[in-house]
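What follows is one structure encoded as structure tokens, with my remarks underneath.
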Amino acid sequence: MNKKGFTLIELLIVIVILGILATAVLSAINPLEQIKKARDSSKKSDAAELLNAIERYYTTFGCYPWARSTGSCVTTYTAPVKADPSTATWLLASGAYSLITMQELKPEFANRSNLALLFVTENSATSLVYICYDPESKTFDAQAPYTTAGDGTRGTTGAAGNYVCVPE
């Protein structure tokens, strides 16, 4: 009797080999890390777009949106700080001098889910505005140079609790 086919042992060996290959590929790709990197890239892109809008606003009006009151710039103001994560959202609010009302950003930008994760801060020593976020991925976290103070000051790159800020 001459039967054609595979034995149970041969099938089990093939299944084990395929399982080992699948495990190796998944561990090399690490899909969860890739998703986190994509989220961080999206946050960085949104931060850059928001910063560009703030700088365009400054160029047009001579002051930042948070320093504008009743149609003119005020000399004393409280710069946004890390402690208030709603500053990015506040800049887009429907107020008279918001970035959307002043047409520095399209209204659709306000619907981005990353805005609640961004914060706007200003380094008082250099008067530079930064948009920062806490990175999720190991790759971005290892490159995060800004301190937890959230004022755009550099610390040790990759230290725990550091932030990624735009501009770098």
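The values are calculated or read from the model by the stated rules, or taken from the named source; none is laboratory data. Remember, predicted model here, so these are calculated numbers, not experimental data. Note: ideal-geometry Cβ built from the backbone for every residue, glycine included; neighbour counts use all protein chains shown.
For the stretch 112-168, the set of residues classified as closer than 29 Å to ASN30 by Cβ, surrounded by fewer than 18 Cβ atoms within 10 Å (Cβ to Cβ) and among the hydrophobic types (A, V, I, L, M, F, W, C) consists of ALA116, ALA142, ALA159, ALA160, listed by residue number.
Here's the yes/no breakdown for (1) assigned to a strand (DSSP E or B); (2) at pLDDT below 75; (3) within 24 Å of LYS36 (Cβ to Cβ):
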site	(1), (2), (3)
THR78	no, yes, no
ASP84	no, yes, no
SER98	no, no, no
ALA110	no, no, no
LEU115	no, no, yes
CYS132	yes, no, yes
PRO135	no, no, yes
THR139	no, no, yes
THR148	no, yes, yes
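Count of the stretch 95-111 residues, restricted to those that are buried (at least 16 other Cβ atoms within 10 Å of the Cβ), out of contact with any Ser or Thr (no Cβ under 9 Å at 6 or more places or on another chain) and without any contact (Cβ under 8 Å) to a residue 24 or more places away in the chain, is 0.
Within the bounds of the stretch 59-69, is there any residue that is surrounded by 12 or more Cβ atoms within 10 Å (Cβ to Cβ), at pLDDT below 65 and touching a Pro at 6+ places or on another chain (Cβ under 8 Å)? No, every residue in the stretch 59-69 fails to be surrounded by 12 or more Cβ atoms within 10 Å (Cβ to Cβ), at pLDDT below 65 and touching a Pro at 6+ places or on another chain (Cβ under 8 Å).
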